[in-house]
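Engineer: Before we start, here is the structure in question, set down as structure tokens.
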Amino acid sequence: QVQLVESGGGLVQAGGSLRLSCAASGPSFSRYAMGWFRQAPGKEREFVAVVGWSGGATSYADSVKGRFTISRENVKNTMYLQMNSLKPEDTAVYYCAADRSPFGSSFDSEYDYWGQGTQVTVSS
């Protein structure tokens, strides 16, 4: 059983930055690929980014590529999402999730554990 807790959300102006964290408790954090997803009001949850077991393999949604960076520190059982050049359309609740596969997936149905989410609001 893995428990995930997100933090770091908030209100920021367009063009600003935020760093989200996802702290994991439970065994074998380093044996889970970790992903970020987001859900805006009235929209489906969508994939943002994923990082594999070791942190070397990453993948991003086209909408955030070049602006967001996903990373992890296995010794701290923590994953991060550095978000730069934020846009109003990035406004959403951001969720972290854990997947037992080595490289993860862009499909939310593949993930085994989810956090409660953290709100990110970008004002124009």
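Engineer: Kindly provide the set of residues from region 93-104 that are among the small types (Gly, Ala, Ser) and either open to solvent by 20 Å² or more (accessible area, probe 1.4 Å) or more than 12 Å from the chain's Cα centre (by Cα) (or both), ordered by number. Before the answer, list the steps.
Structural biologist: Within region 93-104, the subset among the small types (Gly, Ala, Ser) is 97-98, 101, 104.
Matches in region 93-104: Ser101, Gly104.
Engineer: Can I ask one more? Give region 105-124 a look and list any residue that's of a type in the set (Ser, Thr, Tyr), within 16 Å of Ile70 (Cβ to Cβ) and open to solvent by 40 Å² or more (accessible area, probe 1.4 Å), or say none.
Structural biologist: Residue satisfying the conditions is Ser106 alone.
Engineer: Scan Arg72, Arg45, Arg67 and give me the residue that is buried (at least 17 other Cβ atoms within 10 Å of the Cβ), basic (Lys, Arg) and modelled with pLDDT of 95 or more.
Structural biologist: Values: Arg45 fails: buried (at least 17 other Cβ atoms within 10 Å of the Cβ); Arg67 fails: buried (at least 17 other Cβ atoms within 10 Å of the Cβ).
The conditions single out Arg72.
Engineer: What tally of residues in region 50-64 results from selecting those that are hydrophobic (A, V, I, L, M, F, W, C), within 18 Å of Phe103 (Cα to Cα) and open to solvent by less than 30 Å² (accessible area, probe 1.4 Å)? Let's see the steps before the verdict.
Structural biologist: In the first step, residues of region 50-64 are kept if they are hydrophobic (A, V, I, L, M, F, W, C); the result is 50-51, 53, 57, 61, 64.
Then drop every residue that is not within 18 Å of Phe103 (Cα to Cα), which leaves 50-51, 53, 57, 61.
After this cut, where a residue has to be open to solvent by less than 30 Å² (accessible area, probe 1.4 Å) as well, the list is 50-51, 61.
Residues that pass the stated criteria total 3.
Engineer: If you don't mind, there's one more thing I want to ask. Within region 11-18, does at least one residue satisfy the condition of being among the aliphatic types (A, V, I, L, M), in contact with a Ser or Thr (Cβ under 6 Å, 6 or more places away or on another chain) and at pLDDT 95 or above?
Structural biologist: Here is the first cut: in region 11-18, the residues among the aliphatic types (A, V, I, L, M) are 11-12, 14, 18.
Then keep just the ones that are in contact with a Ser or Thr (Cβ under 6 Å, 6 or more places away or on another chain); that gives 11, 14.
Filter once more, so that each one left must be at pLDDT 95 or above: 11, 14.
Yes: one or more hits.
Engineer: All but one of (1) among the hydrophobic types (A, V, I, L, M, F, W, C); (2) in contact (Cβ under 8 Å) with a residue 60 or more places away in the chain; (3) surrounded by 14 or more Cβ atoms within 10 Å (Cβ to Cβ) hold for Met79, so report the exception by its number.
Structural biologist: Going through (1) among the hydrophobic types (A, V, I, L, M, F, W, C); (2) in contact (Cβ under 8 Å) with a residue 60 or more places away in the chain; (3) surrounded by 14 or more Cβ atoms within 10 Å (Cβ to Cβ) one by one, Met79 breaks only (2).
Engineer: Going by the conditions given, is Gly26 crowded, with 16+ Cβ neighbours inside 10 Å and either β-branched (Val, Ile, Thr) or on the phi > 0 side of the Ramachandran plot (or both)? Quick ask: steps written out before the conclusion?
Structural biologist: Numbers: crowded, with 16+ Cβ neighbours inside 10 Å: no; either β-branched (Val, Ile, Thr) or on the phi > 0 side of the Ramachandran plot (or both): yes.
Taking the combined requirement at face value, the residue does not satisfy it.
Engineer: A further question on this structure: If you check Leu86 against the conditions, is it surrounded by 20 or more Cβ atoms within 10 Å (Cβ to Cβ) and assigned to a loop (DSSP other than H, G, I, E, B)?
Structural biologist: Numbers: surrounded by 20 or more Cβ atoms within 10 Å (Cβ to Cβ): yes; assigned to a loop (DSSP other than H, G, I, E, B): yes.
So Leu86 passes the test.
Engineer: In region 26-42, what residues are outside any loop (DSSP other than H, G, I, E, B), modelled with pLDDT under 95 and polar (S, T, N, Q)?
Structural biologist: Scanning region 26-42 gives a single hit, Ser30.
Engineer: Kindly provide the set of residues from region 89-114 that are over 17 Å from Gln1 (Cα atoms) and either assigned to a strand (DSSP E or B) or aliphatic (A, V, I, L, M) (or both), ordered by number.
Structural biologist: Passing the criteria: Ala92, Val93, Tyr94, Tyr95.
The values are calculated or read from the model by the stated rules, or taken from the named source; none is laboratory data. Every value quoted in this text rests on a predicted model; they were computed, and no experiment measured them. Cβ sites come from the backbone with ideal geometry, for glycine too, and all protein chains shown count toward neighbours. Heavy atoms of the whole protein, side chains included, go into the accessibility calculation; ligands, DNA and RNA do not. Shrake-Rupley method; radii C 1.70, N 1.55, O 1.52, S 1.80 Å.
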